[in-house]
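**Student:** Structure below; questions to follow.
The values are calculated or read from the model by the stated rules, or taken from the named source; none is laboratory data. Quick caveat: nothing in here was measured; it's all calculated off a predicted structure. When we count neighbours, we look across all protein chains shown, and the Cβ atoms used for this are built from the backbone with ideal geometry, even at glycine.
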Amino acid sequence: MASSCHSTIVATPPIVADGTHAERKLAIIGMSNVGKSIFFNALTGQYSFVANYPHTTVAPNRKRLTLNNQPVEIIDTPGISSLTIQSDDERSTLDVLLRESIGGILFCGDALRLQQSLVLLAQILELGIPTLFCLNKSDEAAHQGIVIDTRHLSQALGMTVVPTAAPYGRGMERLGEHLLSATSLVNPVHYLRTIEEAITQLGALFPAAERPTRGMLLHCLQADATVSALFAERLDPEGFAQAQSIVHTLAAKMPPLRLSQSLFQARDAWAQQLEQAVTRRAEVTVPGFSYWAGWSARHPVLGWPILFAILWITFRSVGEIASGMADFLNHWIFDPLTQAVGGWLTDPFLNEMIVGNFGLLTMGVINAVVTVVPILIVFFLIINFLEDVGYLPNLSVLTTRTFAPFGLTGKAVLPIILGTGCNTMATLTSRMLETRAERIIVSFLIALGVPCAVQLGVMLAIFATSPFSSLLIVMGSVLMTTIVCGIALNHLMPARAASPFILELPALRWPNGRNIVQKTYYRIHSFLLEAMPLFVFAAALMFTLEKTGLLVLLKKWLHPVITGFLSMPDKVTEVFILVLSRREVGAVYFKEMVDRGELDYNQIITGLVVMTLFIPCISNTMVMIKELGARWAISINLAIIAIAILVGGLVNFMLRWV
C-alpha cells in the first residue's frame, strides 16, 4: 500500500520582473475543530472566530501581510475530513485548493485523531503543494496517555512536523520559522493497479510540463464537477473526450462507491501503519472530570437539568448584572452628558433632534451603549464560556431526537444556538448541513423563532422586571409556533433520505479566560461598528417621520392591526417600524416603553411574541438571498410576517379571554 514517495517538493516563492517576490498564498487546512483559526489569528494579528466545536469557520478568511520579508496572503479555511465534499462550507475549502494558486499549506493535524489526520494529509499531499505539518493538541493527547514521536513522524513523511498547543501559544515560534520553507511528499500512497493505470492514462493527455497533480487526476476519475470543468478548459475537445472515456471505463470496472472505498482503504491502511509506528499509548487511563462532564451534558436524563440550569443562570445574570451596569452608566456618565448637551443646544429644533424623544444621542448612541452593551457583555461572557468549554457539541447529541420531527439531526443545534448570537452568522453556518432542504428548514427556524443576542438580552431584561408567567407565556408561544411551523415545513419539503448524524465530539476542557474575554471584546466591537450607525439612523428616521407627519399617517393605516387586532397602543407602530430595519433597535425602544409604564401585562406579552417572531433583520435577509435564493428568502419573510401577526393576535385574544 505504499509509503515511499516519488519526489519531494520545496516551497520557492515566485520572482516578478523587478526582482522582488510576488505575493504567495498560504492556506491553513485541517479537520474541523483542530485549531486552524487560532493559527490564523496568531500569524495575522487579525481575529477569526474561535470556539471548541466543529464547523466554527464556514467560509475562507483572508489576510495579506509580510512574513519573513515576503508578501503573503494567509487563508483560513473551513474544516474538512476529506476532499470528497459533503457540504457547502467544505466545497469552499476545495475551491481554494483547486482554483487558486496556493504556494504553501499549513496542515493542522490533531494529535487526538492522528490516523484521521493522516488520511486527510495523504489527499492534501497528492495535490503537490508544499506542506508544513502542524500537530496540534499535543498537550491534550499527553493528558490522555498518548505520546507521538514527532521526530520519527517527520522522518517517515520527509517533511517538518511541529507539535503545538495552540490555545496556549506553544510551538508557534517554531511554526513561523518553518512556514515559508515547507517540503513534503508528492505521492505517499499507492492504489490498486486499475486505478494507477487510469491515473497514468489520464495524465498522459497533458504535456509533461502542464500535467495536473495526482490529486487533480484522482478527483477527475471520481467525476468531481469542479475538476472536470477545469480539465474541459485545459484540454481540446478531442482530449477532453478521451479523458471522459477513461473516467467511464474506470467506472465500468469500478463503480463510484467502490472506487471511493478503495481509495479510502489504501489511505487508511497507510495512515494506520504510520500512526502505529509513531504512537505510544498508556495501558491504563483513568477517566477524569472532562470525560464525566461531557457524559453528563449529553446524557438523556442528566443533560436536560444541566441545560435548564444554564438557561436560568443566563436569565438571572442578564436581568440583574446587566441592569446594574446600565444604571451605573446612566447615573454617572450619560445622564450628566445629556443634560450638558441639552443645555448647550439652545435652538429648539437642534435640541429635539439631538436629545429629544427621537434624539440622535438619546435614542441612537445612548440606547446602543447603555441599554445594549451591558446586556451583550454578560450574555457573550456566558455563551463564550460554553463555547470554549466545548459544551455545544454535547448539546447537539442531547437534542438530536428533538430535531427529528423537523427533518434535522442534532447537528442543526449548532447554527440555531449561534443564532442567539447573530442570526446572520447562524444562517451562514447552516452550510455545515448536508442537504439543501435542511439548510432551508434551519434558516427558517432561525429567522422565525431565534432572537439574536441583543434582542434576547433586552427580552431577558424585560422579563426580569415582569412576573415570571410572562417568560413562560412568551417562550411557550414562540416555541410552540416554531415547532408547528418546523414540522409543517418539513412535510412540505420533497421526500429525502435522512442525513446521518456524525459529529466529532471535542474533549471538554477548562476554559481559557483570555480567549473568552477576547471573543467577548471582538463581538462587542463588531456590534458597535455594525449596529451603532443603524441606531443613529433609526433615530433620524423616526425624527423625520414625526416632523413630516408620516408617522401619524402610518399609525392611522396600521391602527386596525396594532390597536384592533393586537390591542396595543398606536405608539407600538414605532416599534415595528424600527424592527423592520433592525430587530434589536425595536426591542430597545419597546423596553423603554415598558420601563415608562406605557404598556400593561397583556400588551407586554403580545408585543414580545410579535417581535420575537417578526421578520429577520436586513443583513440576515440578504444572507438568506445569497444562500437560498431570492424566491425562498422572500417567501420565508412574507410567511414570518403573517405568522407573527396571527400568533400575536391569538395570544392577545387568549390573554383577554382568560
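**Student:** Those residues that are modelled with pLDDT under 90 and surrounded by fewer than 12 Cβ atoms within 10 Å (Cβ to Cβ), I need them from the stretch 470-495; list them, please.
**Tutor:** His491, Leu492, Pro494, Ala495, listed by residue number.
**Student:** Find the residue count for the stretch 506-540, including only residues that are outside any helix (DSSP H, G or I) and either surrounded by fewer than 20 Cβ atoms within 10 Å (Cβ to Cβ) or in contact with a strand residue (DSSP E or B) (Cβ under 7 Å, 6 or more places away or on another chain) (or both).
**Tutor:** Total meeting the criteria: 5.
**Student:** Given Leu205, Leu192, Leu180, Leu125, which one is under 28 Å from Leu98 (Cα atoms) and crowded, with 22+ Cβ neighbours inside 10 Å? So that I can check it myself, show each step before the final result.
**Tutor:** Details: Leu205 fails: crowded, with 22+ Cβ neighbours inside 10 Å; Leu192 fails: crowded, with 22+ Cβ neighbours inside 10 Å; Leu180 fails: crowded, with 22+ Cβ neighbours inside 10 Å.
Just one listed residue meets the conditions, Leu125.
**Student:** Return the only residue of Val389, Val373 being assigned by TED's automatic domain parsing to the domain that holds Ile313, more than 13 Å from the chain's Cα centre (by Cα), surrounded by fewer than 24 Cβ atoms within 10 Å (Cβ to Cβ) and within 17 Å of Ile313 (Cβ to Cβ). I'd like the intermediate steps shown before the answer.
**Tutor:** Numbers: Val373 fails: within 17 Å of Ile313 (Cβ to Cβ).
One residue alone meets the criteria, Val389.
**Student:** Any idea which of Phe403, Phe379, Phe315 is over 21 Å from the mean Cα position of the chain (by Cα) and assigned by TED's automatic domain parsing to the domain that holds His525? Full working, then the answer.
**Tutor:** On the way: Phe403 fails: over 21 Å from the mean Cα position of the chain (by Cα); Phe379 fails: over 21 Å from the mean Cα position of the chain (by Cα).
Result of the check over Phe403, Phe379, Phe315: Phe315.
**Student:** Can you name every one of the helices (runs of 4 or more DSSP H) wholly within the stretch 204-283 that holds 3 or more residues which are modelled with pLDDT of 90 or more and within 32 Å of the chain's Cα centre (by Cα)?
**Tutor:** Details: elements: 214-221, 225-234, 237-253, 256-278.
Answer list for the stretch 204-283: 256-278.
**Student:** Within the stretch 366-376, can you find the residues that are in contact (Cβ under 8 Å) with a residue 40 or more places away in the chain and farther than 17 Å from Ser526 by Cβ? Don't jump to the end; show me each part of the working.
**Tutor:** At the first step, the residues of the stretch 366-376 found to be in contact (Cβ under 8 Å) with a residue 40 or more places away in the chain are 367-376.
Within the stretch 366-376, Asn367, Val370, Thr371 meet the criteria.
**Student:** Here's something else I'd like to know. Considering only residues that are touching a residue at least 60 places away in the same chain (Cβ under 8 Å) and in contact with a Ser or Thr (Cβ under 8 Å, 6 or more places away or on another chain), look in the stretch 244-261 and name the one that is surrounded by the fewest Cβ atoms within 10 Å (Cβ to Cβ). Give the derivation first.
**Tutor:** Just the residues of the stretch 244-261 that are touching a residue at least 60 places away in the same chain (Cβ under 8 Å), to begin with: 254, 259-260.
Filter once more, keeping what is in contact with a Ser or Thr (Cβ under 8 Å, 6 or more places away or on another chain): 254, 260.
Working: Met254: 18, Ser260: 14.
So, considering only residues that are touching a residue at least 60 places away in the same chain (Cβ under 8 Å) and in contact with a Ser or Thr (Cβ under 8 Å, 6 or more places away or on another chain), the one surrounded by the fewest Cβ atoms within 10 Å (Cβ to Cβ) is Ser260.
**Student:** Continuing with this model, one more query. For the stretch 131-139, does any single residue satisfy the condition of being in a strand (DSSP E or B), farther than 25 Å from Leu217 by Cβ, in contact with a Leu (Cβ under 7 Å, 6 or more places away or on another chain) and outside the structural domain of Lys626 (by TED's automatic domain parsing)?
**Tutor:** Just the residues of the stretch 131-139 that are in a strand (DSSP E or B), to begin with: 131-136.
Next, only the ones that are farther than 25 Å from Leu217 by Cβ stay: 134-136.
Then drop every residue that is not in contact with a Leu (Cβ under 7 Å, 6 or more places away or on another chain), which leaves 134.
If we keep only those that are outside the structural domain of Lys626 (by TED's automatic domain parsing) too, we end up with 134.
So far as the stretch 131-139 goes, yes, one or more of its residues are in a strand (DSSP E or B), farther than 25 Å from Leu217 by Cβ, in contact with a Leu (Cβ under 7 Å, 6 or more places away or on another chain) and outside the structural domain of Lys626 (by TED's automatic domain parsing).
**Student:** Within the stretch 354-368, is even one residue among the hydrophobic types (A, V, I, L, M, F, W, C), part of a helix (DSSP H, G or I) and out of contact with any helix residue (DSSP H, G or I) (no Cβ under 7 Å at 6 or more places or on another chain)?
**Tutor:** First pass over the stretch 354-368, keeping only residues among the hydrophobic types (A, V, I, L, M, F, W, C): 354-355, 358, 360-361, 363, 365-366, 368.
Of the ones still in play, those that are also part of a helix (DSSP H, G or I) are 354-355, 360-361, 363, 365-366, 368.
Narrowing the set further to residues that are out of contact with any helix residue (DSSP H, G or I) (no Cβ under 7 Å at 6 or more places or on another chain) leaves none.
Within the stretch 354-368, none of the residues are among the hydrophobic types (A, V, I, L, M, F, W, C), part of a helix (DSSP H, G or I) and out of contact with any helix residue (DSSP H, G or I) (no Cβ under 7 Å at 6 or more places or on another chain).
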